[in-house]
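Below: the structure, in structure tokens.
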Amino acid sequence: MPRIQLLDASTAPMTAESYFAGGDPGPIVAALANVPELLGPTLGFIGAALGPGATTTRHKEFAILRTSALLGCRYCIHAHTTVALDVGLADVEVRALRGEMALEEAFTEPSEVALIRWIDAMAGATGPLPDDVWTAARGFWADHLLVELSATIGATMFLNRFATGFELPTSAGVLERLEHEGFDTGMAADTAGAS
Amino acid sequence: MTDVAIESPIAQAIAEGTLPGRVWLYTNYHCNLACSYCLTESSPRSERRQLEPSTMLAVAEQAKELGFTALGVTGGEPFLLPWLPETVLEMASHLPVVVLTNATLFGGNRIEHGALLAHPNISVQISLDSDQPDVNDMARGPDNFAKVIEAVPRLIDRGVRVRIATTTGGSLDAPELDPLRDLVAGLGVAPDDHLVRPIVRRGRADEMALGVRAQARDIPSELTITADGAFWGSFGPTVRAGRLDLDLLLTRTVLPLSVPANALLGLLGGMPEGNDANLGIR
């Protein structure tokens, strides 16, 4: 059960009406609608940070799924496991990003290994990034891509804490899909940082 | 009105009649009564959820700057707050204020508490629903009729402008209300200061299936400030089964007042005309 009221079309503020016009907008919007003036700016930022950009969809999903696993967000891990599969990540890659198997078993491309280590340092640690992590990432990835991905990571961290703190529910459709694909739907990958 | 206010979109909308000029403030939600049709389920046990005096003063000041033309203070029972008269007096230095009350807290020497509001920019609006004590008291509580009948002339004697508001489940121009109109006039209240309005089916009235059904556009779009945020209309921040209705919530942000005022103005732009005038909702 969510810890706060999730609003629907009949209970949502009139200033949030447009977000419910197309049907159930999902628990994040349903929760945010409790403060309707946050919807526009928050969803605008999330859309820009998680949506299409200069970075490929594949690598954006690296950032989103890996960050969610590092922060132990069940809701976001569930949702982005399906998104990652849909955009073409292999089953083993998804499992590795979720922290369920070693990264080196799934990723061999040096640029991608460097990127995941950089994501781990951005989302899963405190303080400055280790020089070797930064140097390795910077060797493959341009400044503007790392800036864009840092926004993806930041927006994901917000969503991770929002969804986890308020215990937002995963939709039945997503759970069915994950079970069908053989993924754990429990509290997956809260030890991702140690993998 | 300042030059800034004349140029503001809010002031323009008020001048054109698109936006009502009054800003309402819900001082608190608790009340010494528990009326059957109460929009906010107010009672002695209600959570207070009160506005701070500093917030009320800031709303008054910014309302004037934005071009609003009047203020309204309601609750709950506002006079349960000991600082209310002094705060309203200060608000009245910015804009005219009407304060709604059940007038049951003015017995004996406590009348002087209400008498502090003898000011040309302030009126006190008191609820009275019937000329029959038992009928009035059935909805509003024991001895309510007697306390109102006692308080009204005493306030008028002390220079307070008193308005009477009658809330009815029947027709607004029913002949059955004539004795009440006579009673109110006999208390010294001018006919124009006696409002008759319907029960709006929201809050406790909705739970009891009382009053007229009204959609958002049927409710006067007066900006309404509460401790829970800013709402469309003074009938907006209703409570049902202990939970605040959010359907008429504009913003949780109340200050600066331009935030909810602009949200309200933005909604008005795309909304067809309502039926509030025909329903008599005010």
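A few remarks follow.
- The Cα center of region B:170-221 and the Cα center of region B:4-60 differ in position by 19 Å.
- 1.4 Å probe accessible area per residue over region A:1-50, in Å²: 49
- Above 34 Å, the calculated P(r) of chain B contains 14 percent of its Cα-Cα pairs.
- Distance between the C-alpha centres of region A:49-74 and region A:118-137: 16 Å, rounded to the whole angstrom.
- Buried accessible area, chains B and A (both chains, 1.4 Å probe, Å² to nearest 100): 1000
- With a 10 Å cut-off around each Cβ of A:12-24, the average count of Cβ atoms from other chains is 4.
- Largest to smallest accessible area among B:Arg252, B:Arg243, B:Arg197 [probe 1.4 Å]: B:Arg243, B:Arg252, B:Arg197
- Using just its DSSP H runs of length 4 or more, each adding -39500 (n - 2.57), chain B gives a mean residue ellipticity at 222 nm of -9000 deg cm²/dmol after division by all residues.
- Accessible area expressed per residue, chain B, with surrounding protein chains retained (probe 1.4 Å, Å²): 42
- Within the accessible surface of region A:54-194, defined with a 1.4 Å probe on protein heavy atoms only, the carbon and sulfur portion equals 56 percent.
The values are calculated or read from the model by the stated rules, or taken from the named source; none is laboratory data. In this text, all values refer to a predicted model and were calculated from it rather than measured experimentally. Please note: Cβ atoms are built from the backbone with ideal geometry, for glycine as well, and neighbour counts cover all protein chains shown. Accessible surface is based on the protein model in full, side chains and every heavy atom, while ligands, DNA and RNA are left aside. Shrake-Rupley method; radii C 1.70, N 1.55, O 1.52, S 1.80 Å.
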